[in-house]
Amino acid sequence: MAYKISDDCVSCGACEAECPVSAISEGDGKYVIDADACVECGACAGVCPVGAPSAE
Ligand code: SF4
Ligand code: SF4
């Protein structure tokens, strides 16, 4: 199951640079993860200051 970014995202952009497969991009009001590209490494969750990405 790919990671997903919740509405808690404050669009800081920190996760985008950490993603090894460039699956994260800025969306409308928050950052979004391309579920087909995500390899579930968890790096985005590790750097996010508000805990927005999760593997639910
Ligand atoms: Fe990218 Fe890893 Fe986050 Fe998936 S879990 S979006 S591969 S940093
Ligand atoms: Fe949003 Fe967290 Fe990514 Fe920052 S690190 S853009 S708050 S999901």
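The values are calculated or read from the model by the stated rules, or taken from the named source; none is laboratory data. Because the structure is a prediction, the values reported are computed rather than measured. For neighbour counting, all protein chains shown are included, and Cβ atoms are generated from backbone atoms with ideal geometry for every residue, glycine included. Keep in mind that these areas ignore ligands, DNA and RNA; they rest on the heavy atoms of the full protein, side chains included. Shrake-Rupley method; radii C 1.70, N 1.55, O 1.52, S 1.80 Å.
For the chain, the relative contact order is 50 percent, taking Cα pairs closer than 8 Å that sit 6 or more residues apart in sequence and dividing their mean separation by the residue count.
Rolling a 1.4 Å probe across the protein heavy atoms gives the chain an accessible surface of 61 Å² per residue. When the helices of the chain are scored as -39500 (n - 2.57) per DSSP H run of n ≥ 4 and the total is divided over every residue, the value at 222 nm lands at -3500 deg cm²/dmol.
From the convex hull of the Cα coordinates of the chain, what is the mean projected area in square nanometres?
For the Cα atoms of the chain, the hull's average projected area reads 3.2 nm².
How far, in nm, would the chain grow between residue 45 and residue 10 when pulled straight, counting 0.36 nm per residue and subtracting the alpha carbon separation? Numbers along the way, then the final one.
Values: separation 35, 0.36 × 35 = 12.60 nm, distance 1.35 nm.
Fully extending the segment from residue 45 to residue 10 adds 11.3 nm.
Length gained on full extension, residue 21 to residue 35, computed as 0.36 nm times the residue gap minus the Cα-Cα distance: 3.9 nm.
Please compute the net charge surrounding residue 44, taking Lys and Arg as +1 and Asp and Glu as -1 over other residues with Cβ under 11 Å from its Cβ. Spelling it out: positives minus negatives among the neighbours equals -2.
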